[in-house]
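The values are calculated or read from the model by the stated rules, or taken from the named source; none is laboratory data. In this text the structure is predicted, and so the values were computed from the model without any measurement. With ideal geometry, Cβ positions are generated from the backbone for all residues, glycine too; neighbour counts draw on all protein chains shown.
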Amino acid sequence: MIPHSRSGYLRVCKVKRGSLDMAHTFSLRVYYEDTDFGGIVYYANYLKFIERARSEWVRSLGLDQKTLKSERGVVFAVRHLEADYISPAKFDDILEVVTDVHLSSAARLVLDQEVLRGKDVLFRARVTLIAMRDTGKPTRLPAEIRLRQM
């Protein structure tokens, strides 16, 4: 695990490859700033955790989001999100965010994401992503993502 210089989060990216399955794992530590007065992770921070994991997943595919935007004018946006808060994470916990592709098409990508402490699932989300031009108009997902999900 490597400390991240800006946020202090541990960033470990592993790709687990099965026959048709390709899940990505992102590790992080819960800091005091992530918690509420009761010492548990504030609910909105789970969304930050899964966003970071999605960014690292895209990076693990060999894509640079800054280059996608600057050279092709393509950015990703969350179109829909369903979340289930199952059990609280607490200060100093080591968590893993597992990201897996549920559904992929030319226009959208649906990801299943779980936040785990050990083997315990604390949070689960299904996230629908779309690609947009930097003008805000929808576009096809980059071929690099579509082809890797087939």
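Condition first: among the basic types (Lys, Arg) and either over 15 Å from residue 130 (Cβ atoms) or free of Cβ contacts under 8 Å to residues at least 24 places away in the same chain (or both). Can you find one or more residues in the stretch 107-115 that meet it?
Just the residues of the stretch 107-115 that are among the basic types (Lys, Arg), to begin with: 108.
Narrowing the set further to residues that are either over 15 Å from residue 130 (Cβ atoms) or free of Cβ contacts under 8 Å to residues at least 24 places away in the same chain (or both) leaves none.
The answer is no, given that none of the residues of the stretch 107-115 is among the basic types (Lys, Arg) and either over 15 Å from residue 130 (Cβ atoms) or free of Cβ contacts under 8 Å to residues at least 24 places away in the same chain (or both).
What is the residue count in the stretch 75-114 for residues that are buried (at least 18 other Cβ atoms within 10 Å of the Cβ) and either touching a Pro at 6+ places or on another chain (Cβ under 8 Å) or within 21 Å of residue 136 (Cβ to Cβ) (or both)?
2
Applying the selection to the stretch 1-53, what residues are among the basic types (Lys, Arg), modelled with pLDDT of 95 or more and either over 12 Å from residue 97 (Cα atoms) or in contact with a Phe, Trp or Tyr (Cβ under 9 Å, 6 or more places away or on another chain) (or both)? Quick ask: steps written out before the conclusion?
Taking the stretch 1-53 as the starting set, the residues that turn out to be among the basic types (Lys, Arg) are 6, 11, 14, 16-17, 29, 48, 52.
Keeping just the survivors that are modelled with pLDDT of 95 or more gives 29, 48, 52.
Those that are among the basic types (Lys, Arg), modelled with pLDDT of 95 or more and either over 12 Å from residue 97 (Cα atoms) or in contact with a Phe, Trp or Tyr (Cβ under 9 Å, 6 or more places away or on another chain) (or both): 29, 52.
Looking at the stretch 35-74, which of its residues are surrounded by 12 or more Cβ atoms within 10 Å (Cβ to Cβ) and of a type in the set (A, V, I, L, M)?
Result: 40, 41, 47, 50, 53, 58, 61, 63, 68, 74.
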